[in-house]
1. Which net charge results when you count Lys and Arg as +1 and Asp and Glu as -1 among the other residues whose beta-carbon is under 13 Å from that of Asp45?
2. Using a 1.4 angstrom probe on the protein heavy atoms only, line up Val250, Val22 by accessible area, largest first.
3. Could you put Asp212, Asp16 in order of accessible surface area, largest first, with the 1.4 Å probe and the full protein assembly present?
4. Over region 231-274, what is the relative contact order in percent, taking alpha-carbon pairs closer than 8 angstrom and at least six residues apart?
5. How much length is gained if the chain between Tyr6 and Glu27 is pulled fully straight, taking 0.36 nm per residue apart and subtracting their Cα-Cα distance, in nm to one decimal?
6. With a 1.4 Å probe and all protein chains kept in place, how much accessible area does Glu43 have, in Å² rounded to the nearest 10?
7. Local charge sum around Val63 (other residues, Cβ-Cβ under 14 Å, Lys/Arg +1, Asp/Glu -1)?
8. Using only Cα atoms and rounding to the nearest 10 degrees, what angle (0 to 90) does helix 336-350 make with the longest principal axis of the chain?
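The values are calculated or read from the model by the stated rules, or taken from the named source; none is laboratory data. All values reported here derive from a predicted model rather than from experimental measurement. No Cβ is skipped: glycine too gets one built from the backbone with ideal geometry, and neighbour counts run over all protein chains shown. In case anyone asks, the SASA skips ligands and DNA or RNA and just uses the protein heavy atoms, side chains included. Shrake-Rupley method; radii C 1.70, N 1.55, O 1.52, S 1.80 Å.
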Amino acid sequence: MDYQSYFTSALTKLKDEGNYRVFADLERHRGEFPRATCRREDESDVTIWCSNDYLGMGQHPDVLAAMHEALDRCGAGSGGTRNISGTTHDHVLLEAELADLHGKEAALLFTSGYVSNWAALGTLASQIPNCVVLSDALNHASMIEGIRHSRAQKMIWAHNDLADLEAKLASLPLEQPKLVAFESVYSMDGDIAPIKEICDLADRYNAMTYLDEVHAVGLYGPRGGGIAEREGLMDRLTVIEGTLGKAFGVVGGYIAASKELCDFVRSFSSGFIFTTALPPAVAAGAAASIRHLKSSTAEREAHQARVAQVRERLDEIGIPHEPNPSHIIPVMVGDPMKCKYISDILLEQYGIYIQPINFPTVPRGTERLRITPSPVHSQEDVDRLIDALEALWVQCQLARRPMAAQ
């Protein structure tokens with residue numbers, strides 16, 4: 001086999017379909033988010049409109065100060081896996097903050113949200129005898145991989161479809177171990193799961209619940225505990241999984257649950273046992289971010305106001321976007337080539353960075369620009385975004401919705 005030719009052919013096919021991904025070489029500016037320098041043949045200043053640093057906490061003075069202090073105090077690395085020499089006091093403090101955030105007895109840190117899902121779901125489903133995992137059809141790839149890795153029996157239920165979930169639960173023996181895995185905010189469409197009703201079904205059919213809150217922690221609830229906190233449901237969930245790399249602005253993942261469950265995953269998960277721990281400076285920065293957002297609602301309130309404003313402005317000019325109750329604004333293009341073209345022109349001519357979302361991240365025909373307004377986007381930023389989208393919609397002859405009444 002000619003391996004290089006195979007690689008080249010596969011990549012060419014991606015490019016021909018409009019699904020080849022190009023990384024923008026960006027350098028964020030401390031204290032000036034969402035500003036960045038884009039490095040190509042020529043450098044240019046851009047405004048980022050698709051970051052998962054939803055609140056700009058990656059630039060917050062409290063976070064940076066905590067990381068500088070920990071770096072000066074502890075040095076750069078963690079020293080190894082948590083089991084050998086990598087558990088530092090900053091890890092212990094961060095896990096306590098996370099347990100408190102979600103009203104759980106304990107929390108367990110991982111190196112990313114992907115790893116926390118893969119490791120926790122994979123461990124629970126494989127180690128609990130005869131466990132069946134009931135997975136929402138639109139669960140994140142990390143959840144799917146964790147379930148697949150477990151080799152446990154799985155049942156996929158239609159997205160947010162309570163009737164389908166109940167039918168599948170009812171088909172299983174009541175005494176058989178079950179785990180219902182789902183997300184709160186789904187990252188591509190921005191819709192929100194009916195958490196209470198899912199918990200009701202889990203209780204009725206003797207199932208555990210596993211909730212991925214990665215796109216909700218920091219953003220919802222009185223202290224940023226997520227949708228489950230906002231709706232007063234944290235105590236009803238067996239496991240809450242989250243990330244430190246989105247609204248908290250740093251990096252890492254975690255689960256929060258009972259002491260026994262966290263200790264069980266800590267003791268049996270290869271994805272935890274054999275992975276070098278996060279650097280203590282990262283743990284310190286994440287803890288500072290969580291502490292700040294537990295006590296400050298200003299960022300969440302400003303964030304929600306900016307999201308509402310962008311939605312309203314899109315409606316005024318008829319740009320189609322998926323209606324949802326979250327902070328994620330999917331602007332629908334429906335064509336991979338046009339989606340990438342719009343993204344390229346936004347960057348090159350308007351200084352606006354929005355990465356195109358094409359297959360396989362979303363189904364073919366639902367290609368989109370995923371816009372994530374933040375409280376640090378200015379009024380001028382919003383005006384420039386709306387003007388650019390209006391011009392490109394005309395240029396690409398894309399369909400519009402009836403414009404809102406003036």
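1. The answer is -1.
2. On the way: Val250 30, Val22 75 Å².
Putting Val250, Val22 in descending order of accessible area: Val22, Val250.
3. Asp16, Asp212
4. Computed over region 231-274, the figure is 25 percent.
5. Here the answer is 4.2 nm.
6. That residue has around 120 Å² of solvent-accessible surface.
7. -1
8. 70 degrees
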